[in-house]
Amino acid sequence: MTLRPLLRTALVLLAAMWLAACGNAPRTPDWQMNAHGSLERATRAYLSGEDRVAELEWERARAEVARTGEPELAARLALARCAAEAASLAFSGCPDFAALRADASAADAAYADYLAGRLDPARAALLPEAQRAPARDVGAIAAVVDPLSRLVAAAAALQAGRATPETLVAAVDAASSQGWRRPLLAWLLLRQQRAHAIGDAALEQALQRRIDLVQSSTPQR
């Protein structure tokens, strides 16, 4: 039997939901497969700036998980959306998770606090493996291999007031490598604002050229 991690390593908190059936194991329930597919499609669409598709797939995933009557799973699903939003610098406070926090696991609660920039370093061991080193050392963010995990780590550092110029560069590189329009624009604009603040006109103009190029792309409808 193999684990099928959801959204690769960025959202490993959800991996327990997605066990692929094999051998004599029970058949994977339809709701798991349906929710898994919808969540992956929702995340890809959101990061690409395809709002309508993303919202439809989020709702489908939520409906499938609701069929189980398990608030902990619903809380975990809400975290998945919050992570994608945080990666794009859309910090909402994760209200859907907050409403379910009482039923969330200690690991899920730690991850929510991490996304909000208020995690006690002593709880870093509760985080997904890819986030543990960045939670302790902002310099570890650039070494995170998975692009979405790197964006999440950079966003958490920004929320905690720990982000450095190198953090922003690492986030831009991660989004650019995947062609993720939404987070790329968000991080480029943030870098441009900081370049303007320190009077680096050459960098500000170079970033504007990149921004213009990304904005010339049209998200799929």
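Things to note:
- Out of ALA83, ALA75, sole residue that is within 16 Å of the chain's Cα centre (by Cα) and either touching a residue at least 40 places away in the same chain (Cβ under 8 Å) or closer than 18 Å to GLU57 by Cβ (or both): ALA83
- Helices (runs of 4 or more DSSP H) within the stretch 29-93 that include 2 or more residues aromatic (Phe, Trp, Tyr): 30-47
- You will find that of THR43, THR9, the residue that is closer than 27 Å to ALA160 by Cα, of a type in the set (Ser, Thr, Tyr), at pLDDT 95 or above and open to solvent by less than 70 Å² (accessible area, probe 1.4 Å) is THR43 and no other.
- ARG101 being open to solvent by less than 70 Å² (accessible area, probe 1.4 Å), of a type outside the set (S, T, N, Q) and in contact (Cβ under 8 Å) with a residue 24 or more places away in the chain: no
- Listing of helices (runs of 4 or more DSSP H) fully contained in the stretch 94-207 that carry 1 or more residues being within 16 Å of LEU79 (Cα to Cα): 95-98, 106-115, 129-136, 147-159
- Matching residues in the stretch 164-188 - criterion: being buried (at least 22 other Cβ atoms within 10 Å of the Cβ) and of a type in the set (Gly, Ala, Ser): ALA170, ALA171, ALA174, ALA175
The values are calculated or read from the model by the stated rules, or taken from the named source; none is laboratory data. None of these values were measured; they are calculated from a predicted model. Heads up, the Cβs are rebuilt from the backbone with ideal geometry, glycines too, and the neighbour counts pull from every protein chain shown. These accessible areas exclude ligands, DNA and RNA; they are computed on the full protein's heavy atoms, side chains included. Shrake-Rupley method; radii C 1.70, N 1.55, O 1.52, S 1.80 Å.
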